[in-house]
Amino acid sequence: MAIKVAQVSIENIENAEGLESVMTALKNIAGVTAIELDADSHMALVHYDDTKTSIHAFTAAISMVDYVTQPFPIDAPQNPRHHE
């Protein structure tokens with residue numbers, strides 16, 4: 001087991017709810033031992049056991065949070081205001 005540190009971008013996630021979602025997503029990855037978010041520099045430092053996970057899992061989790069936190073385009077069928 002080797003504990004490593006990865007630096008990943010959180011540049012599109014700016015509000016408190018989004019940052020909390022990033023923390024939750026990263027904490028749910030087996031092998032993550034610590035997380036440090038720096039909203040000012042739009043980066044996260046993730047300490048992890050490299051035998052249990054990899055940076056690919058972190059970027060995938062963060063991209064899902066980024067996708068979920070982005071507003072729907074006005075003409076998207078999922079947008080509740082689509083028919084206004």
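The values are calculated or read from the model by the stated rules, or taken from the named source; none is laboratory data. The structure displayed is predicted, hence computed values, not measured ones. Cβ atoms come from the backbone with ideal geometry, glycine included; neighbour counts cover every protein chain shown.
Quick one: which residue in M1, M43 is in contact (Cβ under 8 Å) with a residue 12 or more places away in the chain, farther than 16 Å from T59 by Cα and in contact with a strand residue (DSSP E or B) (Cβ under 9 Å, 6 or more places away or on another chain)?
Matching residue, one of M1, M43: M1.
Answer yes if at least one residue in region 16-29 is out of contact with any Cys (no Cβ under 9 Å at 6 or more places or on another chain), part of a loop (DSSP other than H, G, I, E, B) and farther than 16 Å from S63 by Cβ, and no otherwise.
no
Of all residues being of a type in the set (S, T, Y) and closer than 14 Å to S9 by Cβ in region 25-62, which is surrounded by the fewest Cβ atoms within 10 Å (Cβ to Cβ)? Just the residue, please.
Once the filter is applied, the top-ranked residue is S41.
Which number in (1) surrounded by 14 or more Cβ atoms within 10 Å (Cβ to Cβ); (2) modelled with pLDDT under 90; (3) among the aliphatic types (A, V, I, L, M); (4) touching a strand residue (DSSP E or B) at 6+ places or on another chain (Cβ under 8 Å) marks the one condition that V65 misses?
Of (1) surrounded by 14 or more Cβ atoms within 10 Å (Cβ to Cβ); (2) modelled with pLDDT under 90; (3) among the aliphatic types (A, V, I, L, M); (4) touching a strand residue (DSSP E or B) at 6+ places or on another chain (Cβ under 8 Å), only one is false for V65: (4).
Could you list, in sequence order, all residues of region 16-35 that are under 12 Å from the mean Cα position of the chain (by Cα) and not charged (D, E, K, R)?
Within region 16-35, G18, L19, S21, V22, M23, T24, A25, L26, N28, I29, I35 qualify.
Conditions: (1) out of contact with any Ser or Thr (no Cβ under 8 Å at 6 or more places or on another chain); (2) in a loop (DSSP other than H, G, I, E, B); (3) at pLDDT 90 or above. I74 meets all but one. Number of the miss?
Looking at each condition in turn, I74 falls short on (3).
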